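> Here you go, one structure.
The values are calculated or read from the model by the stated rules, or taken from the named source; none is laboratory data. This structure is a prediction, so every number in the text was calculated from the model and none was measured. Heads up, the Cβs are rebuilt from the backbone with ideal geometry, glycines too, and the neighbour counts pull from every protein chain shown. Ligands, DNA and RNA are stripped out before the accessible areas are found, and what is left, the full protein with its side chains, is counted by its heavy atoms. Shrake-Rupley method; radii C 1.70, N 1.55, O 1.52, S 1.80 Å.
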Amino acid sequence: MNYTFYVRRALHLLILAALAATACGQKPTPVSDFAAQRQLMVHQQLMPRGIKDERVLTAMAKVSREEFVPPDSRAASYEDGPLPIGYGQTISQPYIVAFMTEQLRSKPSDRVLEIGTGSGYQAAILAELAAEVYTIEIVEPLAKNAEVTLQRLGYKNVYVKVGDGYSGWPECAPFDAITVTCAPDHVPQPLIDQLKEDGRMIIPVGGFGDQELHLLQKKNGQLQRRAVLPVRFVPMAGEAQKAK
């Protein structure tokens with residue numbers, strides 16, 4: 001995809017929207033053009049920070065983030081930061097979503113497990129890249145809302161479950177990749193057990209304010225592990241709190 005072309009087109013659309021609004025005596029509202037905002041997000045927030053995978057960039061440019069935030073936050077959908085989605089949870093910063101997705105190196109044939117559905121945005125991104133996405137959310141209203149949104153947007157390869165992500169989804173295991181969007185203080189053993197040989201897991205580990213994303217890969221039944229990025233996620237609830 002030629003992102004230079006799309007960025008120029010996005011800027012052109014924003015200018016036209018602003019001129020049209022001014023001509024009508026209204027204040028310019030460039031954020032209303034979400035498609036243009038997505039292209040700018042890719043060009044200004046993701047690519048300069050080193051996101052290079054073309055499939056990830058294409059997915060981030062395609063998925064409508066505004067569909068996964070509360071109505072009163074839609075104008076901020078493509079700002080460079082997380083947004084609250086209720087119940088003490090957030091939708092992650094676009095760069096973090098792209099970074100975690102890129103680290104998984106998902107293939108079109110992959111089956112991916114996500115822990116922490118939230119509003120469903122990360123699941124939608126993964127669904128553009130993998131064959132099947134299994135996503136678990138412990139907060140039932142968030143899970144139900146995410147499922148409705150994903151179905152409305154046509155994602156038939158995403159399966160949503162209400163439950164404790166610490167235990168994973170054993171009846172659907174093993175998985176080619178696992179991504180975790182809430183932070184335990186250790187990597188849950190059930191998730192390790194459900195990761196395929198050569199599979200990759202990206203997970204934030206640590207207490208609030210002192211977390212790092214860890215990338216794990218299973219090789220010959222053993223885990224290769226390294227910290228890749230300091231982050232701040234909401235704590236993992238449920239069994240993770242009891243296991244401390």
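> Among DSSP bridges having both ends in the range 168-244, what percentage is antiparallel? Round to the nearest 5.
Approximately 75 percent, going by the DSSP bridge assignments.
> Which residue fluctuates the most in the chain, going by a Gaussian network model with Cα springs under 10 Å, if the choices are R111, R38, R49?
R49
> For the chain, report the accessible area per residue in Å² (1.4 Å probe, heavy atoms, rounded to an integer).
Per residue, the chain has an accessible area of 47 Å².
> Counting each DSSP H run of 4 or more residues in the chain as -39500 (n - 2.57), what helix-only mean residue ellipticity at 222 nm follows after dividing by all residues, to the nearest 500 deg cm²/dmol?
Mean residue ellipticity at 222 nm (helix-derived): -9500 deg cm²/dmol.
> Over the chain, what percent of the accessible surface lies on carbon and sulfur atoms, probe 1.4 Å?
52 percent
> Turning to a different aspect of this structure: Test of understanding: express the Cα radius of gyration of the chain as a ratio to 2.2 N^0.38 Å, with N the residue count.
Dividing the Cα Rg of the chain by 2.2 N^0.38 Å gives 1.04.
> Tell me, what is the FRET efficiency for K156 and D185 to the nearest 0.05, using R0 = 35 angstrom and their Cβ-Cβ distance as r?
The computed FRET efficiency comes out at 0.45.
> Another question about this same structure. Under 12 Å from a label point 7 Å along Cα→Cβ of E239: give me every residue in the range 179-220 with its amide N that close.
188-194, by backbone N distance to the label point.
> Now for a separate question. If a/c stays under 1.5 just call it rounded; otherwise compare a/b with b/c (prolate if a/b is bigger, oblate if not). Do that for the range 123-208, with a ≥ b ≥ c from the square roots of the Cα gyration tensor eigenvalues.
Because a/c hits 1.5 or more and a/b fails to exceed b/c, the range 123-208 counts as oblate.
> Separate question: Rounded to the nearest 20 debye, what is the charge dipole size of the chain about its Cα centre when +1 sits on each Lys and Arg Cβ and -1 on each Asp and Glu Cβ?
Here the size comes out at about 560 debye.
> How far apart, in nm, are two points set 7 Å out from the Cα along the Cα-to-Cβ line at D80 and at V148?
It works out to 3.5 nm between the two label points.
> Which percent, to the nearest 5, of DSSP beta bridges fully inside the chain are antiparallel?
Taking every DSSP beta bridge with both residues in the chain, the antiparallel ones total about 50 percent.
> Apply the Karplus parameterisation 6.51 cos²θ - 1.76 cosθ + 1.60, with θ equal to phi minus 60°, to every residue of the range 177-187 and state each ³J(HN,Hα) to the nearest whole Hz, in sequence, with x for glycine and proline.
8, 9, 10, 10, 10, 9, 10, x, 8, 7, 7
> Can you tell me which of V112, V133, V63 moves the most in a GNM of the chain? Springs connect C-alpha atoms under 10 Å apart.
Result: V63 has the largest fluctuation of those listed.
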